[in-house]
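Let me begin by presenting the structure, written as structure tokens, before commenting on it.
The values are calculated or read from the model by the stated rules, or taken from the named source; none is laboratory data. Quick caveat: nothing in here was measured; it's all calculated off a predicted structure. Reconstructed Cβ throughout: ideal geometry from the backbone, glycine too, with neighbour counts over all protein chains shown.
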Amino acid sequence: MDDLLRLLPHGYPMRLVDRVVSVRPGIELEAVSVISAREPCYAAGIGPYPAVLLLEALIQTAALLWLADLEADGPAEVLLAAVRGARFGAAAQPGDVVRHQAVLRSATARRAILAGRTDLAQQRGGVPALEVREIVLARRAT
Amino acid sequence: MTTFLRAVDSLAVRDGGAAATAVKRIVADDPYLVGHFPGEPIYPGVFLVESARQAVAGLLGGPVTLVAVVEARFAAPLRPGDVALLDVKRVPEQSPSPGVIRARVVALDSIGARVGHCVVDVRAVHDG
């Protein structure tokens, strides 16, 4: 299943998804990220994980679900077109494992709308860190 | 409060504190750009949201934490060398909940074309 990660066009250190846990193509995908104190965002000091990087990790999870469904045979160029209704909850900290879940709402060959959520691991109460009503992704015209 | 990204280079408050204009010059040295994407750096859409958050902090005069992204739309990619001009306004007529401030941020490129916009909810952070 980790073969799916190669579909992401993102490279180090922007590849923020570490492992795909489960996938039901065209329906939903679960993945995890390990928040590390060695990430560039902590170059100046340790603290809560930046909200927008947590959002980016969930967006990458959503992109994986769409790309898996498209049966792309390599990295595909996907850009973020829009985000609607993103609400942040508990802050993730270095050492946390967070679990992302993306659900496909609708898709065409060029555009997809997904919903998603990110929760802290069970050891941290499994509490919500982020919920997003709509992530809109677009494939770049080539 | 440290930030991981210099997402606003300069900011000027105007209209008696109701609005501000911020500038962000995209540089290849911005963190994470080497991986977004390898060989073709593009300022990530979520970083434009971070620019918006930092611009709202500048408008309000203190650090803020992101509570919600009501909406964010990205119309065109920003690359190293590009300049984003952010117009920030409070949306006082919509108060999401006590202590939460809503702001609207429109981002233009150097020739005035819209590259994106977002509506964010933030909460002031009181350090210490």
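When each of A:Leu4, A:Leu8 is tested for being surrounded by fewer than 23 Cβ atoms within 10 Å (Cβ to Cβ), under 19 Å from B:Val46 (Cβ atoms) and at pLDDT below 95, the lone residue that passes is A:Leu8. If you check B:Gly17 against the conditions, is it small (Gly, Ala, Ser), within 10 Å of another protein chain (Cβ to nearest Cβ) and either more than 27 Å from A:Met14 (Cα to Cα) or touching a strand residue (DSSP E or B) at 6+ places or on another chain (Cβ under 9 Å) (or both)? So B:Gly17 fails the test.
Among the residues of segment A:86-142, those identified as in contact with a Phe, Trp or Tyr (Cβ under 8 Å, 6 or more places away or on another chain) and under 16 Å from A:Tyr49 (Cβ atoms) are A:Ala91, A:Ala92, A:Gln93, A:Pro94, A:Asp96, A:Ala129, A:Leu130. Of the strands (runs of 3 or more DSSP E) lying entirely inside segment A:31-142, those containing at least 2 residues that are within 12 Å of another protein chain (Cβ to nearest Cβ) and free of Cβ contacts under 8 Å to residues at least 60 places away in the same chain are A:78-88, A:128-139.
Could you tell me how many of the residues in segment B:4-14 are among the β-branched types (Val, Ile, Thr) and more than 11 Å from the chain's Cα centre (by Cα)?
Qualifying residue count, segment B:4-14: 1.
Residues that are of a type in the set (D, E, K, R), farther than 26 Å from A:Ala138 by Cβ and more than 15 Å from the chain's Cα centre (by Cα) are absent from segment B:67-89 altogether.
Applying the criterion of being among the β-branched types (Val, Ile, Thr), crowded, with 17+ Cβ neighbours inside 10 Å and out of contact with any Ser or Thr (no Cβ under 7 Å at 6 or more places or on another chain) to the residues of segment A:98-136, the residue that is nearest to A:Ala37 (Cα to Cα) is A:Thr118.
Residue by residue, here is whether (1) under 21 Å from B:Pro96 (Cβ atoms); (2) within 13 Å of another protein chain (Cβ to nearest Cβ); (3) surrounded by fewer than 16 Cβ atoms within 10 Å (Cβ to Cβ); (4) out of contact with any Cys (no Cβ under 7 Å at 6 or more places or on another chain) holds:
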residue: B:Val34; (1), (2), (3), (4): no, yes, no, yes
residue: B:Ile42; (1), (2), (3), (4): no, yes, no, yes
residue: B:Gly45; (1), (2), (3), (4): no, yes, no, yes
residue: B:Gln54; (1), (2), (3), (4): yes, yes, no, yes
residue: B:Leu60; (1), (2), (3), (4): yes, no, no, yes
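Among the listed residues B:Gly39, B:Gly17, B:Gly35, identify the single one that is in contact (Cβ under 8 Å) with a residue 24 or more places away in the chain and over 11 Å from the mean Cα position of the chain (by Cα).
One residue alone meets the criteria, B:Gly17.
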